[in-house]
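First the structure, in the form of structure tokens, and then the observations on it.
The values are calculated or read from the model by the stated rules, or taken from the named source; none is laboratory data. Fair warning: this is a prediction, and the values are worked out from it, not measured in the lab. So basically every Cβ, Gly included, is an ideal-geometry build from the backbone, and we count neighbours across all protein chains shown. Keep in mind that these areas ignore ligands, DNA and RNA; they rest on the heavy atoms of the full protein, side chains included. Shrake-Rupley method; radii C 1.70, N 1.55, O 1.52, S 1.80 Å.
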Amino acid sequence: MENTLIKNGTLIDGKSNEPSTNTSVLIQDDKIRAIGPDAELKAADNASIIDAEGKYVLPGFIDTHVHMMLEMKSMQKTLTTPFSYRFYESVHYLERTIQTGITSVRDAGFADAGLKQAVNDELVKGPRMQISINPLTITGGHGDHWMRSGVDAYLTGVDHPGMPNGICDGKEEVRKTVRKMLRTGADIIKVHATGGVTSPTDHPEFTQFTQEELEVMVEEAGFRKGKKVMAHAQGSEGIKNAIRAGIHSIEHGIFLDDEAIELMIKNGTYLVPTLLAPVAVLEDGENEGNMSEYAMEKSREVIEHHRESIKRAYEAGVTIAMGTDAGVMKHGTNLRELGLMCDIGMSPMDAIIATTKTAAECLGWGAYTGTVEEGKWADLVIVDKNPLEDIRSLENEKNIIFVMKEGNVYKSNL
């Protein structure tokens, strides 16, 4: 049995309102076995010792909205890059992500079961994954990037081994497409319930799929397979359709109104803000030239609406889990989201809990990770600076000095 004792650190455990100083954590194999004074008493003589004096110990971070096989490029590169090339790129995206302290992710589209298996089998280094395979979208909606030239510039409409076509219209097509995603290994179903920022033929406020179609998704995923549905939902009517249909989490939530916020609280619906997404689209378009003008224009239009919606939802008590839309921006920049969450009024502790405890609960993994507690997976991060004093210190990867996932060390600069 392998033993590691982290001692003398300031522990921010993901559940308490205050950190605890000079705290020890004992890891045995892949689990946390003891915390506090008992940790040192239970440590075997041959335990590896990590002295975290002057440093801060946290649960592994969780991003509930990523695209691990995607990183936005110019249209020319997108159209001329073979599909299989994305698998090789994703190895680097996964490595970048775990190096920033993110030990779990929920992939919101375009990653197949092979990528998840490669991580599980330790063929590649990366965070553990939940996958949705391919988002469901209507013809001509967000996710249907079929160009007038006759070329699909995205992935939703492509039938590829392990990644069925996600375009579907009407209840029976929806039902069959959900079944295909589940057959291919989806842990969760992803749907585009509204238009979006990066798609060429719609607007974020456009409603896509009827409430009845969304209910079919929830029925097929939940009643038959025990799975949940996550919804890209930006316009208020599409958001409310998704909540009423029983969808588990609202992604983005740009145009939330009071009724939508009340429905989320009543139904216990999670909100995944992805405040970074439109900001990054605009930055990338202006600095790198990788974004279309229509995506940049829509980003300019929605950024302030987005911030105000999330602020009102937070103040009203909606349950917020951290997610970024990484892949729209560069992988490894995920923790910028925490600073943006604090900009709309969240405290640094609230932001940390949103990316640890609440995020784990959103993924259904609250019993296993998200907090530093005895019996949970040994997912731990050690940082050099106090994130409660400067949440944006987490944006600098140099301040993330130690990363452990299930007892395996992925980074150690101690």
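Summary table below
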| read-out | value |
| --- | --- |
| Rounded Å value of the spacing that divides the Cα centres of the range 283-348 and the range 27-48 | 39 Å |
| Percent accessible area from carbon and sulfur atoms, the range 1-132, protein chains only, probe 1.4 Å | 46 percent |
| Given charges at Cβ of Lys, Arg, Asp, Glu: the range 290-414 dipole, positive-most of M341, G370, I400 | I400 |
| Sequence of R392, R224 from largest to smallest accessible area, 1.4 Å probe | R224, R392 |
| Heavy-atom surface of the range 228-302, accessible at 1.4 Å and reported per residue (Å²) | 34 Å² |
| Label point distance in nm, R244-R179, each placed 7 Å from Cα along Cα→Cβ | 2.8 nm |
| Highest average packing first - 370-377, 124-131, Cβ atoms within 10 Å | 124-131, 370-377 |
| Residue-level accessible surface for Y56, protein heavy atoms, 1.4 Å, Å² | 50 Å² |
| Cα gyration tensor, the chain - rounded (a/c under 1.5), prolate or oblate | prolate |
| Cα→Cβ-extended label distance, 7 Å offset, between D343 and L123, nm | 3.9 nm |
| Selected from T97, T324, T23 as most flexible by GNM, with the chain as the system and alpha-carbon contacts under 10 Å | T23 |
| Gain upon complete extension [Y294, E53; 0.36 nm per residue less C-alpha separation] | 81.8 nm |
| Where labels lie 7 Å past Cα in the beta-carbon direction, separation of E172 and N413 in nm | 5.8 nm |
| Of K227/K266; K77/K171; K225/K411; K176/K357; K240/K376; K77/K298, those spanning more than 31 Å from alpha-carbon to alpha-carbon | K77/K171; K225/K411; K176/K357; K240/K376 |
| Heavy-atom SASA rank of H92, H305 (probe 1.4 Å, accessible area, largest first) | H92, H305 |
| For K31, residues with placed amide H under 5 Å, excluding near neighbours | A378 |
| Relative contact order of the range 1-124, pairs being alpha-carbon contacts under 8 Å that are 6 or more residues apart, as % | 24 percent |
